[in-house]
1. Would you list, by chain and number, the lysines whose Cα falls below 27 Å from the Cα of Lys414, excluding same-chain residues fewer than 8 positions away?
2. Using the Karplus curve 6.51 cos²θ - 1.76 cosθ + 1.60 with θ = phi - 60°, work out ³J(HN,Hα) for each residue of region 338-350 in order, rounded to whole Hz, and write x for Gly and Pro.
3. Per the 1.4 Å probe, what fraction of the accessible area of region 213-340, in percent, lies on carbon and sulfur atoms?
4. Normalising by the residue count of the chain, find the relative contact order in percent from Cα pairs under 8 Å and 6+ residues apart.
5. Once the Cβ-Cβ distance between Cys219 and Arg389 is put in as r, and R0 is 25 Å, what FRET efficiency do you end up with, to the nearest 0.05?
6. Rounded to the nearest 20 debye, what is the charge dipole size of region 72-137 about its Cα centre when +1 sits on each Lys and Arg Cβ and -1 on each Asp and Glu Cβ?
7. At 1.4 Å probe size, put Trp399, Trp136, Trp87, Trp309 in order of accessible surface, largest to smallest.
8. Within straight cross-link reach of Lys328, meaning Cα distance under 19 Å, which aspartates and glutamates are found once same-chain residues fewer than 8 apart are removed?
Amino acid sequence: MVAMTDFSHFPERRKRLQTLMRQGIAIIPTAPEVARNADTHYDYRHDSHFYYLTGFTEPEAVLALIAGDKMQTILFCREKNAEREVWDGFRYGPDGASEKFGFDAAYPIAQLDEKLVELMGNQPVLYYPVGADTGWDARIIKLREAVKAKARSGIRAPSEIRDVREPVNEMRLIKDVHEQDIMHRAAKISCGAHRRAMRFTRPGQHEYEVEAELLHEFCRHGARHPAYTSIVAGGANACTLHYVGNNAPLNDGDLLLIDAGCELDGYASDITRTFPVNGRFSAAQKDVYEIVLAAQAAAISAAIPGKLWNAPHEAALRVLAQGFIDLKLCQGSVESVLETESYKQFYMHRTGHWLGMDVHDVGEYKIGEQWRPLQPGMMLTVEPGCYIRPGDSVPRALWNIGIRIEDDVLITAKGNEVITQDAPKTVSQIEEVMRHD
Ligand code: GLY
Ligand code: MN
Ligand code: MN
């Protein structure tokens, strides 16, 4: 089921940004189309900041916002073009876009430079994504020079340039109800994909066959694209953190780590599950799995309002450190394992990241020198793991076991909500789903 997109909240977000700006002009372009090879392009993906403020998904578009006494929202976009629309499909055109998405004015993209020079006149501050694209940096400087050239007519150019992403990142960090709704739906589809992969997997298949099941499940629910390249990593491949080859055979007795999530209506989900290719955990696999699962539970318990960003990571590390000692991977006390960071041989990444339109979403993790307190509306992943490469000091039975368990967690007023809990996670849940009668 694909829900109808509701556009009413986009003007509200623009107004909030204009209020935060207080005065000046903001210029926010969408992403360019990118060629893949002759006459073909990568699937188009709009810019996340631009989309957050417009809901507009066509390429070749720019948003301009004026803050201050005379607030104005202006879209520049492609014109209607009967011939191009025969080849490439519908375009809103400035009038259609204005009506549908609620801008005060809209102009053809061909008029962008000329209109921006007009709009920038006498604005004290110019906001745009500074440094995000060298082409835009040069263009903005040139436009400002064109405004400066009008000094004798009494028109002043903006004297200050600020990065528009700073206020927008702060807005994006707290997900509003529309975003939460989409992310719940994205999570549900991705959970279904992980269940499907578990039911499908058998020894002798290849990683790409399982990847195809994930993509099938995303797409048939209206999520045409994964939020990132799916990691489908059998056996030792799971110890390569960003493994995306996805072309090896799946062996009886190995684990399969899948890190995959769909993008729905511009929002990401990000789930990792690790399960046995043959449907039954071995004793050694289960020992490691239970430690990672306990670390994840501890981290999720620490992901509540008022706790600092780093609390889930610290909670996971304690459980992992004790587990690594029990498994004879690390020596000494929990304190010494944490102090010397000897755990990093087996757990070398952090326990999560913000999640939103971008899979590694925007938002500062620190305020000043301090980790940021968690607040209702924040969405983060909780994803501890354990990756055991062969080594002289590593117990032989644990070689090539790679496990990660990742869920998407919404911070709520009362604590949190794991929005990806429908993906089987305990040993018994996984073995039950994989039972082939
Ligand atoms: N799938 C990317 C990540 O887990 O961070
Ligand atoms: Mn993640
Ligand atoms: Mn992930």
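1. List returned: Lys175, Lys188, Lys307, Lys366, Lys425.
2. Listing the rounded values in order: 5, 4, 7, 6, 5, 4, 5, 5, 10, 9, 10, 10, 7 Hz.
3. Details: 2500 of 4840 Å².
Looking at region 213-340 in its full context, I get 52 percent from C and S.
4. Working: 890 pairs, mean separation 57.2, N = 437.
13 percent.
5. Details: r = 35 Å, r/R0 = 1.40.
Computed FRET efficiency for Cys219 and Arg389 comes out at 0.10.
6. Details: 6 positive and 12 negative charges, 30 e Å.
Computed about the Cα centre, the dipole is about 140 debye.
7. On the way: Trp399 75, Trp136 40, Trp87 185, Trp309 20 Å².
My answer, sorted largest first, is Trp87, Trp399, Trp136, Trp309.
8. The reachable aspartates and glutamates, counting only those whose Cα sits under 19 Å from Lys328, are Asp287, Glu290, Glu339, Glu341, Asp392.
The values are calculated or read from the model by the stated rules, or taken from the named source; none is laboratory data. These figures come from a predicted structure and were not determined experimentally. In this analysis, Cβ positions are derived from the backbone assuming ideal geometry, glycine residues included, and neighbour counts consider all displayed protein chains. For accessibility, only protein heavy atoms count, side chains too; no ligands or nucleic acids. Shrake-Rupley method; radii C 1.70, N 1.55, O 1.52, S 1.80 Å.
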